[in-house]
Amino acid sequence: MPLVILTIIIFVTVVLVVFAFGAAVATPSSVLGARLRSLGGQATQVPEKPAVKMKERLEQALDPISKAIPLSPSDVSRTRAWLIQAGLRESRHVSYYFGARLLLAFVGLTGVVAFSGFSSLSLLVCVPALGFFIPRFILKRMIKDRQQRIRIALPDALDLTVICVEAGLALDQALMRVGKDLHHAHPDLSDEFHLINLEMRAGKPRAEALRNLVDRTGVDDIRSLVGTLIQTDRFGTSVAQALRVHSDSLRTARRQRAEEAPPRPPSRWSLPSLYSFSCRSSVSRWVRRSFRPITPWLVNRDGK
């Protein structure tokens with residue numbers, strides 16, 4: 001037990017020191033922050049908006065906290081890939097993610113110590129572990145939601161691409177035009193098409209840009225579409241015909257998934273509705289039980 005208390009005290013002390021150092025650096029009026037900025041050669045900047053300042057302070061405060069977690073390059077690259085699939089492409093989001101995990105674990109540990117002390121070892125282990133894994137659950141949910149939105153938007157995007165290709169546009173220009181048209185209806189897929197055009201403008205081959213699209217989304221329908229486009233480009237077949245056939249297959253697969261999905265209760269079946277149904281059934285049972293003794297008398301009376 002003393003070893004557990006000593007470990008917790010060391011952990012809390014390290015977190016507080018790292019957080020205090022990061023807050024001191026992030027504060028504009030801090031002497032330490034001014035000294036570090038002067039040593040780093042940072043020039044005086046134009047005053048920014050409060051929202052931008054708050055974002056920068058949050059990034060500077062969470063960055064040292066995230067670095068307190070020992071990570072391997074494979075963990076960082078895997079987390080970076082997950083964040084990209086969730087639509088969070090900037091490098092600062094990695095610091096936000098790991099900083100949030102450590103911060104929630106510390107909040108959970110502090111809450112357990114404040115309310116129950118050190119009497120329950122299971123709570124001291126389980127609650128911080130739950131806080132540490134909550135951001136990962138949220139990230140996985142964001143990835144699934146984004147993949148579902150892309151999967152729903154893909155057939156419509158392919159139909160527009162077929163129209164643009166048949167009108168005489170090249171595939172690159174058709175993707176750029178479709179991305180602009182889908183900006184409001186399907187922003188996720190529109191952003192991915194925009195990134196494809198940026199990569200091809202930067203000099204990447206079309207096949208590599210399309211494979212990067214698969215890595216950024218992680219959607220099976222996108223992977224099959226990319227394979228179709230690469231084979232079409234390699235063998236010189238009709239792009240419009242290949243896209244039309246692939247769009248029809250995607251719609252068929254989506255319809256089959258909808259038919260195989262288990263039926264869901266209607267949205268009107270909320271908890272109050274279910275409670276009222278249970279009350280009605282209990283009332284009806286009570287009425288039948290109450291009138292059961294006089295039922296033979298009523299039957300005999302009607303018979304007379």
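Add +1 for every Lys or Arg and -1 for every Asp or Glu among the other residues with Cβ under 12 Å from the Cβ of Arg257, and state the total.
0
Between Asp248 and Arg78, what length in nm is gained on full extension when 0.36 nm per residue of separation is reduced by their alpha carbon distance?
Difference between extended and current length: 57.8 nm.
May I ask for the net charge around Phe133, where only other residues with Cβ less than 11 Å from the Cβ of Phe133 are counted and Lys, Arg are +1 while Asp, Glu are -1?
+3
Tally Lys and Arg at +1 and Asp and Glu at -1 over the other residues with C-beta under 15 Å from the C-beta of Arg223: what net charge comes out?
That works out to -2.
With 10 angstrom as the radius, rank Thr237, Thr228 by how many other C-beta atoms surround their C-beta, starting from the fewest.
Thr237, Thr228
Values in this text are rule-based calculations from the coordinates and carry no lab data. Every value quoted in this text rests on a predicted model; they were computed, and no experiment measured them. Here the Cβ is made from the backbone with ideal geometry for all residues, glycine too, and neighbour counts use every protein chain on show.
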